[in-house]
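Heads up, the thing below is written out as structure tokens.
The values are calculated or read from the model by the stated rules, or taken from the named source; none is laboratory data. Just so we're clear, the structure is a prediction, and the values are computed from it rather than from any experiment. So basically every Cβ, Gly included, is an ideal-geometry build from the backbone, and we count neighbours across all protein chains shown. Ligands, DNA and RNA are excluded from the accessible area calculation, which covers all protein heavy atoms including side chains. Shrake-Rupley method; radii C 1.70, N 1.55, O 1.52, S 1.80 Å.
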Amino acid sequence: MEGTSKRTDAILLGVIALLLVLGGWYGWVRSDETVLKDFEITVGGDRRHRFITPENVRSFVDSVCRGNMRYGAVRVSALEEYLASRPYVDSTEVFKDLNGTLHLFVAQSRPLFRLSAPGCGSVYVNDRAAIMPLSRQYTADVIPITCDSSVFRRLTGTGKNSKKNASDEVNLDNLVNFVDWVERNSFWSNQITQININDRREIELVPRAGSELVVLCDGEHLGGFRENIGKLNTFYRRELRTAGADKYRIINVKYKDLIVCTK
């Protein structure tokens, strides 16, 4: 009797194990054929800008999946790769659950300035020194920077044998660092309305108040802008407080230990 009982128990355990395997297999097949009908889309990152909407993200999904929304057919890695390749996307995360919901998180890039040149049009440059095309659905309120066509092509990498960060020229990384600093500075973010890279490759600042033009530095020396900004701060506090912003036409702080003003 004891041997029979043991055999019965063993058969029962075997049947239970088989049922578990079959149930798991059936659940896997069922989930693999489940159609993803619900979408949870979150657009994050720099929320001050509206380059990307949930509708845009949904259209990106349609471009990749082409109408086949079965659980097993939707490739998360392909979706993430495609979303990350979009010009206004900084990062992305995608996953799907067994309830039939596709979850997508997209972080927008942070544009710092709009670079323009005659004959070249305009582009945005973000905080990673990446080039972003203009958007048809949204215009970012960022500092405009003007330059000539040769500087534009080199900075954007669109010219032949161009080097974005040549040490003897205006350096894109230094330009990004400078504008990022301006944007985070409560005084200068309100004071500077435009930046020009003139024909002499000098960095010019156009202040909001007054009619003066500030020559900050030569483009190749922009990496050391803090010293020149310090001189300009001192000059504003001491001179323009009493004399007024309209006294000078050009304020040049690019020279070491010297400020040259032109009336």
* Spot the failing condition for SER77; the list is (1) open to solvent by 20 Å² or more (accessible area, probe 1.4 Å); (2) within 12 Å of the chain's Cα centre (by Cα); (3) among the small types (Gly, Ala, Ser), and only one is missed. => (2)
* Answer yes or no as to whether THR193 is open to solvent by 40 Å² or more (accessible area, probe 1.4 Å) and part of a loop (DSSP other than H, G, I, E, B). => no
* To do: Report, by residue number, each residue of the stretch 117-146 that is buried (at least 16 other Cβ atoms within 10 Å of the Cβ) and not in a loop (DSSP other than H, G, I, E, B).
  => ALA117, VAL123, TYR124, VAL125, ASN126, ILE131, MET132, ILE143, ILE145, THR146
* **Single residue of ARG50, ARG30, ARG114 found to be modelled with pLDDT of 85 or more and surrounded by fewer than 18 Cβ atoms within 10 Å (Cβ to Cβ)** => ARG50
* Asked: So which pairs qualify, if the first residue must be in the stretch 235-249 and among the aromatic types (Phe, Trp, Tyr) and outside any helix (DSSP H, G or I), the second must be open to solvent by 50 Å² or more (accessible area, probe 1.4 Å) and modelled with pLDDT under 75, the Cβ gap must be under 6 Å, and the two must be at least 6 apart or on different chains?
  -> none
* Can you tell me which residues in the stretch 46-74 are assigned to a helix (DSSP H, G or I) and of a type in the set (Asp, Glu)? -> GLU55, ASP62
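Please find, among ARG237, ARG208, ARG241, the residue that is under 22 Å from SER116 (Cβ atoms), at pLDDT below 90 and not β-branched (Val, Ile, Thr).
Details: ARG237 fails: under 22 Å from SER116 (Cβ atoms); ARG241 fails: under 22 Å from SER116 (Cβ atoms).
Of ARG237, ARG208, ARG241, the one residue that is under 22 Å from SER116 (Cβ atoms), at pLDDT below 90 and not β-branched (Val, Ile, Thr) is ARG208.
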